[in-house]
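Worksheet: one structure, shown below.
The values are calculated or read from the model by the stated rules, or taken from the named source; none is laboratory data. Small disclaimer: the values here were computed from a predicted structure and weren't measured. Here the Cβ positions follow ideal geometry from the backbone for every residue, glycine too, while neighbour counts run over all protein chains shown.
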Amino acid sequence: MFGWQGKALRINLSNGLVRTEVIDEALLADYVGGCALAKQIARLEDISAQNNKLILASGALTGTAVPTAAFCGLASYDQIREDVTCCSLLYHFGPELKACGYDVLIIEGKASKWSYLFITEDKVEIVPIEPELSPLETERVIRGKFKKWYSNDIRTLCIGKAALMRSALTGLVTDGLLVNRSGRFGQIFAEKRLKAIALRGTEEIKLAKPSQLQQLVTDMLDSFREKKQTFFEAIHAKFVKIDLPLLWEIHHHGIEKRACFACPIACLHTRKNKFLPNFTVIFCFARLLGIDRQEDAERLYNLCIDLGIDPVGLSLAARCLLELEAAGKIAKSHFRLGNTAGLMQLLKDKKAIIHKGNVGLAKEYGLEAECENLLNIINKQWEQIFSNIENFSEKRQVLNALGLCDYALLIFPYADLIKAFSFVTGKELDKTFLLAGNRA
Ligand code: SF4
């Protein structure tokens with residue numbers, strides 16, 4: 001098999017059993033990878049509130065040299081939505097899973113005490129850990145234990161203290177970077193007493209047409225470098241149109257660029273080694289929460305990193321609170337639009353109803369339609385950024401199954417990304433492939 005490793009790793013936290021399974025090629029042909037594959041495996045595993053599992057599936061191109069091939073899908077059963085749900089993991093986690101020799105990771109059961117998983121090509125360890133640690137402390141503990149053998153090249157995905165507060169906003173942090181829209185997944189980690197997953201692998205990916213792929217990638221990178229306008233300027237021009245000066249302020253003072261695996265765009269930024277809010281978060285903070293000062297946005301984002309809170313879920317929940325207050329359904333809280341300190345105070349209070357999350361709040365107080373509208377505000381942002389891309393939502397689903405970033409559509413020809421699929425896997429894109437994307 002080319003592109004995929006063809007193997008799934010199943011770990012049962014209850015009894016410590018670990019099994020390697022062969023993935024049905026027909027499943028990969030139909031669902032390709034990412035959220036489409038993760039959700040289909042979740043259905044086949046018949047996951048539910050009583051039988052919940054964490055299912056990670058890398059994209060078909062994840063871990064290859066194709067620009068932005070860094071993504072993988074994470075699916076699980078969401079008790080509030082009463083359905084299987086999926087989020088995309090970025091940075092280096094998906095490529096490292098493939099380097100461990102697996103396309104899919106299935107985690108079931110519940111550990112008897114708080115633990116993390118350490119996975120390499122030839123072993124799986126379930127190691128006890130303190131649940132109170134912040135995500136950054138957790139990463140330090142894991143690297144400290146294993147770096148003697150694996151240097152610092154260990155990739156992590158972990159939760160923070162928000163999980164102990166049973167917050168529906170509990171998100172995931174990978175190598176210090178918050179995963180947008182990962183709210184709820186953190187709680188599922190917590191239900192399993194799983195503090196983190198750490199990966200380290202060196203296995204290569206077999207390519208169907210390596211020399212053609214190398215030439216294609218070289219051409220794509222050459223044309224990317226020749227473009228006069230940087231990606232940031234292109235994005236900034238779009239944000240200027242929607243009047244978001246905060247973006248420029250946050251990303252122009254003593255920043256360092258960071259990139260996901262194989263990504264020349266490098267849209268992520270750090271200052272003093274700490275990640276800064278990315279475009280989507282800046283948009284949510286400004287539009288949904290009225291936060292328009294650089295220091296406020298960064299303070300709130302730092303608290304999210306520290307507690308392990310999904311910043312997009314937080315923005316939706318906080319705004320939902322205001323809708324409920326306006327409708328007279330709840331008493332007024334400390335939070336007003338633009339009042340970062342009030343919101344931070346709310347977040348630290350584990351009894352505050354903001355921790356029910358936007359879906360939980362909307363359901364409990366019967367304001368589903370109003371809270372759903374808030375999602376449309378975010379979706380509109382995407383439409384504006386990708387307004388020049390035809391059939392954006394279909395292409396986005398296909399990219400997700402391939403393990404590529406949406407932003408690749410702004411820089412690279414879609415046809416080249418699809419060509420890369422055939423050079424990596426030896427298969428052609430056809431209607432079935434598009435359908436697979438649509439099933440995500
Ligand atoms: S564009 Fe940004 S989010 Fe997308 S792969 Fe590159 S660094 Fe990651």
Legend entry - Count of region 365-409 residues which are within 16 Å of the ligand (Cβ to nearest atom), free of Cβ contacts under 8 Å to residues at least 24 places away in the same chain and of a type in the set (Ser, Thr, Tyr): 0
Inset, instruction - Kindly list the number of the only condition in (1) away from the ligand (no atom under 16 Å from the Cβ); (2) part of a loop (DSSP other than H, G, I, E, B); (3) within 22 Å of residue 87 (Cα to Cα) that fails for residue 429. - result: (3)
Legend entry - Residues satisfying the stated conditions in region 205-264, i.e. touching a strand residue (DSSP E or B) at 6+ places or on another chain (Cβ under 7 Å), within 16 Å of the ligand (Cβ to nearest atom) and at pLDDT below 85: 251, 255
Inset, instruction - Tell me, please, whether a residue that is at pLDDT 95 or above, surrounded by fewer than 21 Cβ atoms within 10 Å (Cβ to Cβ) and among the β-branched types (Val, Ile, Thr) can be found in region 21-35. - result: yes
Inset, instruction - Please indicate, with yes or no, whether at least one residue in region 329-345 is in contact (Cβ under 8 Å) with a residue 24 or more places away in the chain and over 25 Å from residue 308 (Cα atoms). - result: yes
Legend entry - Residues of region 22-46 that turn out to be away from the ligand (no atom under 16 Å from the Cβ) and assigned to a loop (DSSP other than H, G, I, E, B), as a count: 5
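Scan region 265-302 residue by residue and report those that are more than 8 Å from the ligand (Cβ to nearest atom), among the small types (Gly, Ala, Ser) and surrounded by fewer than 22 Cβ atoms within 10 Å (Cβ to Cβ). Steps first, please.
Taking region 265-302 first, the residues more than 8 Å from the ligand (Cβ to nearest atom) are 269-277, 279-302.
If we keep only those that are among the small types (Gly, Ala, Ser) as well, we get 286, 290, 297.
Within region 265-302, just 290 meets the criteria.
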Inset, instruction - Residue by residue through region 350-364, note down the ones that are surrounded by 14 or more Cβ atoms within 10 Å (Cβ to Cβ), without any contact (Cβ under 8 Å) to a residue 24 or more places away in the chain and not aliphatic (A, V, I, L, M). - result: 364
Legend entry - Given (1) touching a Leu at 6+ places or on another chain (Cβ under 8 Å); (2) within 27 Å of residue 19 (Cβ to Cβ), index of the condition residue 138 fails: (1)
Legend entry - Of the criteria (1) more than 17 Å from the chain's Cα centre (by Cα); (2) under 20 Å from residue 154 (Cα atoms), which one residue 98 fails: (1)
Inset, instruction - Keeping to region 180-210, report how many residues are under 16 Å from the mean Cα position of the chain (by Cα) and in a helix (DSSP H, G or I). - result: 5
Inset, instruction - Identify, by number, the condition in (1) farther than 19 Å from residue 154 by Cβ; (2) touching a helix residue (DSSP H, G or I) at 6+ places or on another chain (Cβ under 6 Å) that residue 62 doesn't meet. - result: (1)
Inset, instruction - Using the structure shown, decide if residue 160 is within 20 Å of the chain's Cα centre (by Cα), under 20 Å from residue 354 (Cβ atoms), at pLDDT below 95 and surrounded by 19 or more Cβ atoms within 10 Å (Cβ to Cβ). - result: no
Inset, instruction - Could you please give the count of residues in region 64-118 that are of a type in the set (S, T, N, Q) and under 18 Å from residue 417 (Cβ atoms)? - result: 3
Legend entry - Pair list, Cβ under 7 Å, 6 or more apart: region 259-286 residue at positive phi, other residue part of a strand (DSSP E or B) and near the ligand (Cβ under 8 Å from one of its atoms): 266/258
Inset, instruction - Go through region 293-390 and tell me which helices (runs of 4 or more DSSP H), entirely inside it, have 3 or more residues that are acidic (Asp, Glu) and farther than 23 Å from residue 184 by Cβ. - result: 294-307
